[in-house]
Amino acid sequence: MKKLYLYNLTGLFFALSLFTSCAGEDKDLLFFPPPVLETPAPPSASAASEKSCDVTFTSQLCVSILGENISVGVDEGEELCAEVAGFPLHIRNGKISLKGSEFPDVEVSGHGLPAPITLNGKGSDSGENNIGEGTIDNAGNITINNFSFYINVLNASVEIPGFTLTTGSTSALDYLPAISGHSTDGSGAIKLVMAKTLGHTIDAADEFLLGASMQASFTGTVNPSLGECGDKDAPKALEVKQITFNTDGSKTEAALPDGNKLNISNGTYLSSDTHQVGSKYESSAHFRIRNTSSKSVAIKIPARKGSFLFHSDSSLTTELASKKSLFLDVTFRPKQNVALPGENKETLLIGTELFEITGIALEESGDLSLAEVNDDGSIGRENVQELELGNVDVVTSPQRGFFKCEKITCNDTEIIHQCTTCGDPSQEACELLPISTEQTPLGEVDADCKPLRPLEKPLTVIDINETGKISLSSQQSIVAVRNLGTKSITITEVTVEALSGTHANGEFTLLPGSIFLASEYAEAQKKINELTQQSNVRSALPLSLPPYEKGRNEVTAYIAILYHPKDLRGSNGSEAGIGSSTIDKAKITIKTEEDKNRSVIVQGSTSLFSIPALELYIKDPLSLKQIAHNQAYPFSGITQEIEDISVPLFLKLSDAAASPTRITSITISGNDADHFELLDTKEKIDSVQTVAGKKLHCSIPSFDPNSGELMSESFDLKPVKINAPGYDLSPGEYTTENMPLFGCIRFKKTSDSTQKSFEAELTVNAIELDNSKQPARNADGSPKESTLVIKLMAAVNPLKGKMVFRITQTLSVILTGDNSIVTGIDAYKEMKKNIDAGRAKKSDTQVFLSSVLLDPFDEITMKDSSGEEILSIPQDGITAVFRAVDNHVVDSKYGNEFLYDYINFPFDASRPEGQKGIFEDYPNVPEDTKVNGWRIFTSALSYPGPLAEREDLPNYPSECEIVDPCSKEGFIKYTKAGIGSDGKGACAFFYASAGKFDSPAFHAADELPGGMYQRMCNQVNQKQNILDVNTGRYQLNGQITFEEIGFRLFGPNFVHIPAPYGPVPGAKELDEIFHTAFTTGTLKPQENAEEPNVLPDEHIDISKKMYKINLDDKKHVNPPICNNNVSNRRYGNITASSWKYLKPYISLDEEGEKPAGCPSEPGENYAGGTAFLHGLPLDPDTHKISFVTAVRFKSSPELTFVFNDVMNFFVLNGWMCDPTGSEENFEGERCYDVELNDRDASTQVSILDE
């Protein structure tokens, strides 16, 4: 027999390279140890044929080839073996498959080979069509048929098809005997074998390989073992998250798609030579691998797989200790002839878990990208599909016409009378007058000085400085067009067109020459400025845009787009008004010679700008603040020691004011007016001198224009005098740099004062003047007077910073027709009677904790619990933040009666850093702290339901059974069939979550981009994506409002359980999301844009006053509450009325001054009717506070009569706990207690109180 040993294979390899042309890549040389002898293992009783899972097979491959002219890996000492990285085996109910796209490259070198060879399952293709399929039985015996292997050497690829891999025995071949594998045992050890008589590959190889016998064995282990495979309860040891580094230096972590996909690139260009480097030819992603198990995990990550490279600051081969992390960088570097255009995939075994790595490779081409340009010239959003050009506040001026009018004297003022249309203004004595929408002169009176047309409206048009031109710099937007491809691209045309079916009037234009190339924004800005000065600049099209290379060739095409509102109508035909905008849209298309066109929708909005003639400014040591009409100025720095502070007051006219204004007086009034004073002379100002630690002299601070920091103070203050008839301000006379000082506003208190908060009003009285500086008059002859009013507020040591809101009592009103109920958590004084009598437990008391950040002076930066996301910055108008409360269902029971089973903890100190929850960055948190979610008990909806006798209903959770709210076993407990021997049925709870309304968890994907809504029972053990509420307004008078809240109520109850358990067909467990607000103020409609909107729910009919509590009004749309909630509760031998839970919160008037109640209450004398519901502001002494909110269930087939179209009101009663405070006052560490304490009890409403 003629044998060809390894050193004789050189000719074979060169023959392969001559007769094939497939590309490959040289690999690093590796050393492979000889094979380890295996003994067959007994089959495992793992019921493998019933499994449905993926396992990873890591092994050593040994190959033998023996024929007439070849002997490879046969003789002792000549073994040809290689390590095989883990690859997946897919098990599906008795079927098993192996994919060529997932089989790794097995590199073999040495042993006298003249060049390395690579064995894989894909050759030069993707391998997606190479799939071996077979069976697996209960004992773990495996057979995989018809799999192809590829030998790659010297840019050649040869397929050897038709292999069968088995744990059994192969057939004996002509030159080699049969070999045996073995099925997996309990440790996961397994051996797959295969044997084949080689057929024709290529002519040059037939001399050696044709008819030869080939055997191979894969000896290794599968992870997880078949016994663990498919066990849904087996916890995953590793948590892998993708890390994104933000532009501000912070980082965010995100879960992997599908839990196991590492996406490295959505588009990276294939490189063809070593000179093509940089971000276009490689993409990287960063990941954190955390061992969440209690044991160490062996990690072995290769340095490279296909086109993916792996790097870590620590070793890629390591024992990852429990609770420790490994940071992994993955780079996708696709090369021609190695990676294929399109998606490239590899599998990666990390520990015992299999992950998929993907990257998209692009062929070389040009690729236009449109990006926003920020005001500073930096690039904003990339690849924009829609570009917001911003809002244009247009000033309207009256349309005028020529008329001939007589004049009549009314109250010493001449007014037009008997007007007729002017024929030829150049020939007749006509007057240009403002006209109405009916084309008649405005303000015309009859012979008795009465308005001729009292209901007339002025006809207004956009006032564009009476020139018909708008400065390009004020209404323009710049789009940066960059070529992110690898080849130059030619821009041939830029077009602007209206969107189909919309109103358009040429609002968007491209000026001639408004597209040009520049390497720096400064160069582009210069060309933009030239556009405003030249009318004959020609377009540079066509132009060639080279590939953009940061730091090397940053040539960018800039396009200047002008938004110029021509009328008050928007694209949809609506008209702009004061307080409302209209939207204009158009499509801009950039066309290229290479047909790589890009389009972007541009949008601009127009609104009428109501110009306040008078502007008031206060310049305190923090900043210059403009205080608008009816807004508040809070004095900062007031403490028990510092009792006297003054700040300077300035007035000027707005820049767009058209006529002069005369300031006639400035006054201070209100309940606490004696604590405020206007120092309106130099003598008064100088009389208040600084006393260290007690008084602060009034001064005008100067701030660094760049940093905003205080530079200096001026104490030589000389206010202007308001002498009779007043002080005149003219349009354009003053700026914020030279506006006149009208004095200093002083706050003062006495040292022995116990008052903590103070409030007054400052009123500026003014008269509008005409051009002759005489008082302008209204049509009835009265002077045009105006007032500007601001609130002055001061508080001694107001609460600020991180607070724990301890919700000690929740009250609810459910307006279900004749069965409307008022219910609440009993006050501790009521419960104690039942606890002492054994009818209740201490654990029936409920305390919910929340995170609230307070910033009364709008001076601090507020962040989320991780400290990474900024929620509010100084002077942005946000003075309070409510951190989201995510209450989702878990399948855990805690074995502690004070911890709520089946609901997650919003804060758990035992969780890993960065995942603890809402108090992670708070001080003085005990190490063992766990905080309950919001779980509101509702007696009426617990078993036996709302129609049962009151004495049969459970009063407390200890009188019913707490069940898994998403389990069949729990659902049946709401029915008679599920009642146990103790007679207890299931408790009903509202499991409440709260956060920003536009949170992904509150919206489906078709409602909100990125929406992730699922029914709660479909996401057990999964955290909801809820955003913190950064909309809060906190004032020194204690009023706090959080707008734009999403409020989710979930939970099964007696009437809301799925079929076949529930009494109502089609019903499901309650799971509703509401758009609402939390406020300490009054629930009433918003009256102006400055007021918070506390009733945003579109299902609440404002016109029908659904926001009011109906006591006993038979005509009101809401059901009355007094019928069922008077003398309806028993505490031993005492009868009480549950409506009294609302007694502190309802009033007949909006201001909360006129008490309201049920007329049928024994011993009381209430008028009844309807009432407003209001909260209670933060008390500066006790820190008590109460929020109210209103929601309305929509009409839905999933809801029963109990909630369909039903109004609900909630009161959250409690106090703000300072975690830096004294433990003797139940603050400090005691803020986080989950048990009710004496201070909690003092905040509760008791219906036993007289």
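The values are calculated or read from the model by the stated rules, or taken from the named source; none is laboratory data. From a predicted model like this one, the values you see are computed outputs, not experimental measurements. Every residue, glycine among them, receives a Cβ derived from its backbone with ideal geometry; neighbour counts consider all protein chains shown.
Figures for the structure shown
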| item | result |
| --- | --- |
| Qualifying residues in region 186-203 (those that are more than 18 Å from Ile144 (Cβ to Cβ) and not in a strand (DSSP E or B)) - the one modelled with the lowest pLDDT | Gly186 |
| Failed item in (1) touching a residue at least 60 places away in the same chain (Cβ under 8 Å); (2) buried (at least 19 other Cβ atoms within 10 Å of the Cβ), with Cys1122 passing the rest | (1) |
| Among the residues listed as Tyr1013, Tyr943, Tyr922, the single one being at pLDDT 95 or above, assigned to a loop (DSSP other than H, G, I, E, B) and among the hydroxyl-bearing types (Ser, Thr, Tyr) | Tyr922 |
| Selection from region 966-999 of residues that are farther than 24 Å from Val1211 by Cβ, in contact with a strand residue (DSSP E or B) (Cβ under 7 Å, 6 or more places away or on another chain) and crowded, with 20+ Cβ neighbours inside 10 Å | Cys966, Gly970, Lys973, Tyr974, Gly985, Ala986 |
| Ile745 crowded, with 17+ Cβ neighbours inside 10 Å, within 44 Å of the chain's Cα centre (by Cα) and not small (Gly, Ala, Ser) | yes |
| Matching residues in region 1210-1229 - criterion: being without any contact (Cβ under 8 Å) to a residue 60 or more places away in the chain and touching a strand residue (DSSP E or B) at 6+ places or on another chain (Cβ under 8 Å) | Phe1226, Glu1227 |
| Any chance Ile790 is under 15 Å from Ile663 (Cβ atoms) and part of a loop (DSSP other than H, G, I, E, B) | no |
| Neighbours by Cβ (under 6 Å, 6+ apart or cross-chain): first from region 63-77, more than 10 Å from Leu209 (Cβ to Cβ) and assigned by TED's automatic domain parsing to the domain that holds Pro177; second among the hydroxyl-bearing types (Ser, Thr, Tyr) and buried (at least 20 other Cβ atoms within 10 Å of the Cβ) | Leu66/Tyr175; Leu66/Ser213; Gly73/Ser64; Val74/Ser64 |
| Residue in region 162-183 that is modelled with pLDDT under 90, of a type in the set (A, V, I, L, M, F, W, C) and surrounded by fewer than 18 Cβ atoms within 10 Å (Cβ to Cβ) present | no |
| So Ser1103, is it touching a residue at least 12 places away in the same chain (Cβ under 8 Å), more than 27 Å from the chain's Cα centre (by Cα) and either farther than 24 Å from Phe937 by Cα or in a loop (DSSP other than H, G, I, E, B) (or both) | no |
| Residue list for region 176-191, filter: of a type in the set (Ser, Thr, Tyr) and either out of contact with any Ser or Thr (no Cβ under 8 Å at 6 or more places or on another chain) or touching a residue at least 40 places away in the same chain (Cβ under 8 Å) (or both) | Ser180, Ser183, Thr184 |
| Region 1189-1244, subset assigned to a loop (DSSP other than H, G, I, E, B) and among the small types (Gly, Ala, Ser), residue nearest to Arg1015 (Cα to Cα) | Ser1196 |
| Subset of region 217-257 [at pLDDT below 75, of a type in the set (Asp, Glu) and more than 30 Å from Lys191 (Cα to Cα)] | Asp248 |
| Hey, Asn1110 crowded, with 19+ Cβ neighbours inside 10 Å and out of contact with any Leu (no Cβ under 6 Å at 6 or more places or on another chain) or not | yes |
| Subset of region 733-749 that is in contact (Cβ under 8 Å) with a residue 40 or more places away in the chain and among the polar types (S, T, N, Q) - its residue that is nearest to Glu643 (Cα to Cα) | Thr736 |
| Output for region 688-739, where each listed residue is at pLDDT 80 or above, part of a strand (DSSP E or B) and more than 47 Å from the chain's Cα centre (by Cα) | Tyr727, Asp728 |
| Asp921 buried (at least 20 other Cβ atoms within 10 Å of the Cβ), farther than 23 Å from Ile1073 by Cα and among the acidic types (Asp, Glu) | no |
| Condition check for Asp1112: in the same structural domain as Lys968 (by TED's automatic domain parsing), assigned to a loop (DSSP other than H, G, I, E, B) and within 26 Å of Glu1153 (Cβ to Cβ) | yes |
| Test: Phe1054 is within 20 Å of Ser820 (Cβ to Cβ) and in contact with a Gly (Cβ under 6 Å, 6 or more places away or on another chain) | yes |
| Subset of region 1113-1133 [out of contact with any strand residue (DSSP E or B) (no Cβ under 9 Å at 6 or more places or on another chain) and among the β-branched types (Val, Ile, Thr)] | Val1126 |
| Subset of region 423-454 (residues that are without any contact (Cβ under 8 Å) to a residue 24 or more places away in the chain, touching a Leu at 6+ places or on another chain (Cβ under 9 Å) and not in a strand (DSSP E or B)) | Pro425, Thr437, Glu438, Thr440, Arg453 |
| Any chance Leu853 is in contact with a Gly (Cβ under 6 Å, 6 or more places away or on another chain), in a strand (DSSP E or B) and aliphatic (A, V, I, L, M) | no |
| Criterion (surrounded by fewer than 17 Cβ atoms within 10 Å (Cβ to Cβ), closer than 22 Å to Gln875 by Cα and of a type in the set (Asp, Glu)) met by exactly one of Glu709, Glu759, Glu733 | Glu709 |
| Phe287 surrounded by fewer than 19 Cβ atoms within 10 Å (Cβ to Cβ) and either under 23 Å from Gly134 (Cα atoms) or touching a residue at least 24 places away in the same chain (Cβ under 8 Å) (or both) | no |
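Yes/no matrix, rows are residues, columns are (1) assigned to a strand (DSSP E or B); (2) aromatic (Phe, Trp, Tyr):
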{"residue": "Glu1044", "(1), (2)": "yes, no"}
{"residue": "Phe1050", "(1), (2)": "yes, yes"}
{"residue": "Ala1077", "(1), (2)": "yes, no"}
{"residue": "Pro1092", "(1), (2)": "no, no"}
{"residue": "Leu1095", "(1), (2)": "no, no"}
